[in-house]
Each structure stands twice: as C-alpha cells, then as structure tokens.
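Data block below; observations after.
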Amino acid sequence: MPRSSHTPQDAPPGCVWIAEASRLTGLSVKTLYNYRHQSKGPQSFEIGRKIAYALDDVNAWVAAQRNPARDVVAEHDSRPPEPRKLPRASARAHGRRELDPAAA
C-alpha cells in the first residue's frame, strides 16, 4: 500500500525537532541520539515517535559548552599516577650463583 504524502509537522511552540537541534548544536543527529541514550547533551523528550528539544534547553547547553565550569578534581585526576619503582632482584633470586673470585 503506498504511503500517503505526509507533510512534516511543526514542532510545538518553543521546541525544535532533533534535526533542527542538530543544526543548532553542530552535532549530528546520530550523536544526539547517542547523547540521549547516555543522558548527556540537552534535555530531550518524545512527542509521539519524534524527539523534541526545548529551544531554551538547547541554547543553555550550547552556552555551557562554550563556557564550561572548571572541575578542579577532574584536572587533578587527569594526570596518571607515577609508576611504582620495584626493588631490583638479586642474582640469587633468579637462581644464578654469584661468582666470587676468592672462592674459586
């Protein structure tokens, strides 16, 4: 059965569909879907089978990305720990006899 011609429905007032949110954020639609699944990015909600974003939420999220708050703990933890210095094993620990010229 052929599909009827379907004109795109306008988003509710103050909201945008995911394609428009993609254009506003500079992220791909797929990235926005992934962010939605990971609870990242701007807050989204469903209207029927479509994903919508409040325009205020999108603008606030973009502004937060431009001016991220400094996270001192994350900056401190970003440096990897120093490697441990292990004590050097002696020759006996490896099963070798030490050569003593006086014992020979």
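The values are calculated or read from the model by the stated rules, or taken from the named source; none is laboratory data. Not measured: the values here are computed from a predicted model. In this analysis, Cβ positions are derived from the backbone assuming ideal geometry, glycine residues included, and neighbour counts consider all displayed protein chains. Please note that ligands, DNA and RNA were not included when accessible areas were found on the heavy atoms of the full protein model with its side chains. Shrake-Rupley method; radii C 1.70, N 1.55, O 1.52, S 1.80 Å.
Descriptive notes on the structure:
- Across region 29-52, the number of residues qualifying as in a strand (DSSP E or B) and open to solvent by less than 70 Å² (accessible area, probe 1.4 Å) comes to 4.
- Pairs, first among the charged types (D, E, K, R) in region 30-54, second open to solvent by 100 Å² or more (accessible area, probe 1.4 Å), C-beta under 9 Å, six or more apart: LYS50/GLN9
- Checking each residue in region 9-26 for being open to solvent by less than 40 Å² (accessible area, probe 1.4 Å), under 15 Å from ASN59 (Cα atoms) and either of a type in the set (Gly, Ala, Ser) or not in a strand (DSSP E or B) (or both) picks out ILE18, ALA21, SER22, THR25.
- GLY95 being under 30 Å from ARG23 (Cβ atoms) and either at pLDDT 85 or above or not polar (S, T, N, Q) (or both): no
- Tabulated pairs, region 13-24, first free of Cβ contacts under 8 Å to residues at least 24 places away in the same chain, second open to solvent by less than 60 Å² (accessible area, probe 1.4 Å) and assigned to a helix (DSSP H, G or I), C-beta under 7 angstrom, 6+ apart or interchain: ALA19/VAL29; SER22/VAL29; SER22/LEU32
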